[in-house]
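Asks: Below are the structure tokens for one structure; questions will follow.
The values are calculated or read from the model by the stated rules, or taken from the named source; none is laboratory data. Here the structure is a predicted model, which is why all the values come from computation and not from measurement. Methodologically, a virtual Cβ is constructed for each residue, glycine included, from the backbone with ideal geometry; neighbour enumeration extends over all protein chains shown. Areas reflect the complete protein model, heavy atoms only, side chains present, ligands, DNA and RNA absent. Shrake-Rupley method; radii C 1.70, N 1.55, O 1.52, S 1.80 Å.
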Amino acid sequence: MKLGQAAMEALKAQVTGCLLPGDELVVAAPVALEGTAYITRQEKEKLTGIFSAGFLRQCISLQDDYGLSEEKGKTLWNIAREKGADAFFAMGEGGFLSALWKMAEASQVGLTVDLRKVPVRQETIEICEVFDLNPYKLQSQGAFLLGIRGAEELVQEIRNMGFMAEIIGQTNSGNDRLLFSNGNARYLERPAKDEIYKIKR
């Protein structure tokens, strides 16, 4: 179902710039850090019986240790723009998949993405497994999605800043938005409710 004009304008207002066909998609900083920290704080009693105290402390500090602050996010966009980036999006509610759909829909591009390349901390994977949550749909403040041609230089620059960064896919001029994982392909769907609400009471 197509978005109406008002909804499309509101969506475009959330995205800085516009993806163009042929852009490489870059994720800067691991996804789902904020969600992982929240779940660990909320469910500490249950998790204490599964993980060590040191591991749980690590989970709670993930955002501070590995996420990009708002200020560093602005610095990142300035660097990316100088290198020719076309679009930039700060992830948040709904996580990585929500950010990906919003950028693609606002820019009216197709895409192919390899989910295995999306930066995710091992702590996030383990916490999500306990509660059967999808880390790609979990609150991801501190992570950013960018579109740029010839992304290698930008990725290296982000890594030099001390943050994880990966090229995860590419845009195209078609309509299909495909996600690949372990040899399987599926279509990118309109954002669902953030996985955090399975934990929030």
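Asks: DSSP beta bridges in region 53-187, what fraction antiparallel, as a percent rounded to 5?
Replies: Restricted to region 53-187, the bridges split so that about 75 percent are antiparallel.
Asks: At a threshold of 8 angstrom on Cα-Cα distance, excluding pairs fewer than six apart, so keeping six or more, what relative contact order does the chain reach in percent?
Replies: Answer for the chain is 38 percent.
Asks: Right, another one. Please report the accessible area of T124 (heavy atoms, 1.4 Å probe, ligands and nucleic acids excluded) in Å², nearest 10.
Replies: Rounded to the nearest 10, that gives 0 Å².
Asks: With the crude spin-label approximation of a point 7 Å out along Cα→Cβ, what separation in nm comes out for N160 versus D65?
Replies: For N160 paired with D65, the spin-label model returns 2.6 nm.
Asks: Hey, can you grab everything whose amide H is under 5 Å from the amide H of G67? Only 5+ residues off in sequence or another chain; H modelled, so Pro and N-termini drop out.
Replies: The list, which skips near neighbours in sequence, is empty: none.
Asks: Please list E152, E24, E105, E71 from largest to smallest accessible area, probe radius 1.4 Å, with all protein chains kept in place.
Replies: E71, E152, E24, E105
Asks: Continuing with this model, one more query. Ignoring ligands, DNA and RNA, what percent of the 1.4 Å accessible area of region 101-186 is carbon and sulfur?
Replies: 40 percent
Asks: Also, quick follow-up: Using only DSSP helix segments of four residues or longer, with each worth -39500 (n - 2.57), what per-residue ellipticity at 222 nm results for the chain after dividing by its residue count and rounding to 500? Spell out each step's value before the answer.
Replies: On the way: 9 runs with 83 residues, N = 201.
Dividing the helical sum by the residues of the chain leaves -12000 deg cm²/dmol.
Asks: Take D114 and N182, extend 7 Å from each Cα along the Cα→Cβ direction, and tell me the distance between the two endpoints in nm.
Replies: My value for the distance between the label points is 1.7 nm.
Asks: For K72, K83, what's the largest-to-smallest order of accessible area, 1.4 Å probe?
Replies: Largest accessible area first, the residues go K72, K83.
Asks: Next question. Along its principal axes, what span do the Cα atoms of region 1-143 show, with the longest given first and each in whole Å?
Replies: Each principal axis gives a Cα extent; for region 1-143 these are 49, 36, 26 Å.
Asks: Give me the lysines in straight-line cross-link reach of K193: C-alpha distance below 22 Å, same-chain residues under 8 apart excluded.
Replies: By straight Cα distance, K193 reaches K2, K12, K102, K137.
Asks: Amide H of D194: which non-local residues (sequence gap of 5 or more, or other chain) have their own amide H closer than 5 Å, using H built in the peptide plane?
Replies: G94
Asks: Further, regarding this structure: Kindly state, to the nearest 0.05, the FRET efficiency for C18 paired with E43, given R0 = 35 Å and r defined as their beta-carbon distance.
Replies: On the way: r = 39 Å, r/R0 = 1.13.
Computed FRET efficiency for C18 and E43: 0.35.
Asks: Any idea of the accessible area per residue across the chain, 1.4 Å probe, to the nearest Å²?
Replies: Here the residues of the chain average 50 Å² of exposed surface.
Asks: What is the gain in length, in nm to one decimal, between N134 and S173 on full extension, counting 0.36 nm per residue of separation less the C-alpha to C-alpha distance?
Replies: Details: separation 39, 0.36 × 39 = 14.04 nm, distance 2.86 nm.
Working it through step by step, the gained length comes to 11.2 nm.
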